[in-house]
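For reference, the structure is listed below as structure tokens.
The values are calculated or read from the model by the stated rules, or taken from the named source; none is laboratory data. Fair warning: this is a prediction, and the values are worked out from it, not measured in the lab. Note that we place each Cβ from the backbone using ideal geometry, even for glycine, and neighbour counts take in every protein chain shown. Areas reflect the complete protein model, heavy atoms only, side chains present, ligands, DNA and RNA absent. Shrake-Rupley method; radii C 1.70, N 1.55, O 1.52, S 1.80 Å.
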Amino acid sequence: MSSNVVDGADSNLNEVVANMLSPECIQNPYPVYKKLRTQSPVHGLLDYPPGTVPGVDTPFPAWVITRYADVDYVLSNPDVFSSEDPMQANSSAPSLMLVNHDKPRHTDLRNLAKMAFTPKRIHDNIVERLRSDVSAIVDGNVGQSIDFMEEVAGVIPALVMTYLMGLPKEDYKKLVRWANAFMVSSDFTPQERQSCNEELFHYFVAKVGERYSDIEAGKKVTDDLMTAFITAEYEGNGLSKEEVVLFCITLVVAGAETTTYFLGNLMGVMLEDSSWFERLKQDRSLIRPFMEECLRRDGPPQRLFRCVLKDCEVGGQAIKAGDWVAFFMAAANHDESVFENPEQFILGRKNVSKHVTFGRGIHHCLGAPLARIEAEIMLNTMFDKCAAVEGSLANSSRQSGGLLAYGFSTLPLKLVSTNP
């Protein structure tokens, strides 16, 4: 981060906010968050919700909220801060289920999703297949110098999406591309983003339509998440065909890219300090706390938007109904008043569970357990099959396409074989 942005005497908060979409800030936003936490919320961020297209859609200026207490206040008061996103709703992108809904419809949708997206289904449909595939992925790359983001981290979450929804395994590459475009992080032209959004929507319209036809024809169908969404009922209500399509899209865009960055960030910590690999390899009980501290310090989700429904005050700043707020979970996770020495990676933080990477309250991420399962299987497999990981963060690069996610675009490393 250039010193003239963070420390320069001539800089002001408006310039800091205007600079937040620069590639430099996207790659390392934490110095800017630290500066903004010293102030009340600042107005004027012009950024893009998932699915919208820079250069085509027009962003609403938003208040930037970075302190833990203020982020927690927004997350905990959905009656004041609406998730219904008019910018995304008016864009070319498919609307996201749950993410862009308020009560009471959100309650019905979440209950239906819980009935379909059960821990048992996740375990039965995923765990053994994932162990087998991750084992094959590691076997195919061990002893080689690879880009971890391309060969491992970018493959696992998209494969999981194919398991969950009964899609052809080879389609995982399409899901990766569509998720990257939708989440406004990787570098795409406006035309490419729009094209990907359309392809994603039409793909699931076709797949869901086929499944409905098979069910109506009495054919035997797989007991996967797509079927579960079609057949789920809560208090006599179910999902429409369009809502099933949108649920499938939501899972892909929310799960594929964010978890990819999570897996990459875990490996980034190991390159930062090479002793972690052997320590976790020898004591697997440390894997879960290692993952949680990574989610706190290097959690991929950076921020979300809300529309203010009622006049309120956040961090001493009066905010009016109709205003737009951007609250930064990643900034809250680095708040010194909550997490001591927040820039340090400290295994076993007593309050690490307070991180808000997966949100809180009614919008807490339903896919959080799945992301943890994917990471745990990946790490255990690597510890079983590899003697070490070699590489330097100096050779890596973080994505700079958008401020929605923090993660590597490239992460060169070598998986060292256990065989001499």
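Miscellaneous remarks
- Within the option set GLY348, GLY322, GLY361, GLY316, being farther than 22 Å from GLY407 by Cβ and without any contact (Cβ under 8 Å) to a residue 24 or more places away in the chain holds for one residue only, GLY322.
- Every pair of residues 6+ apart whose Cβ atoms lie under 8 Å, when the first sits in the range 5-24 and is part of a helix (DSSP H, G or I) while the second is at pLDDT below 95 and of a type in the set (S, T, N, Q): VAL5/SER11; VAL5/ASN19; LEU13/GLN39; PRO23/SER400; GLU24/SER2; GLU24/SER400
- All of (1) loosely packed, with under 15 Cβ neighbours inside 10 Å; (2) over 18 Å from the mean Cα position of the chain (by Cα) hold for SER353 with one exception: (2).
- If you filter the range 215-249 down to residues that are assigned to a helix (DSSP H, G or I) and β-branched (Val, Ile, Thr), you find that the one that is most open to solvent (accessible area, probe 1.4 Å) is THR231.
- Here is the figure for the range 288-317: residues that are in contact with a strand residue (DSSP E or B) (Cβ under 8 Å, 6 or more places away or on another chain) and over 26 Å from ASN265 (Cβ atoms) total 9.
- Residues that are of a type in the set (Gly, Ala, Ser) and open to solvent by 50 Å² or more (accessible area, probe 1.4 Å), drawn from the range 255-289: SER274, SER275, SER285
- Test: residue in the range 299-313 that is open to solvent by 10 Å² or more (accessible area, probe 1.4 Å), closer than 25 Å to MET20 by Cα, of a type in the set (D, E, K, R) and out of contact with any Cys (no Cβ under 7 Å at 6 or more places or on another chain): yes
- Taking the range 161-179 as the range and being touching a helix residue (DSSP H, G or I) at 6+ places or on another chain (Cβ under 6 Å) and buried (at least 18 other Cβ atoms within 10 Å of the Cβ) as the test, the residues that pass are MET161, THR162, TYR163, LEU164, MET165, TYR172, LEU175, VAL176, TRP178, ALA179.
- In the range 205-262, the residues that are touching a residue at least 12 places away in the same chain (Cβ under 8 Å), of a type in the set (Gly, Ala, Ser) and closer than 30 Å to GLU150 by Cβ: ALA254, GLY255, ALA256
- Those helices (runs of 4 or more DSSP H) lying entirely in the range 27-143 with at least 1 residues buried (at least 20 other Cβ atoms within 10 Å of the Cβ): 30-37, 68-76, 86-89, 105-116, 128-141
- Taking every residue in the range 263-282 that is among the basic types (Lys, Arg) and pairing it with any residue that is open to solvent by less than 10 Å² (accessible area, probe 1.4 Å), at least 6 positions away or on another chain, the pairs with Cβ-Cβ distances below 7 Å are LYS281/PHE383.
- Residue in the range 341-355 that is modelled with pLDDT of 95 or more, within 26 Å of LYS103 (Cβ to Cβ) and part of a loop (DSSP other than H, G, I, E, B) present: yes
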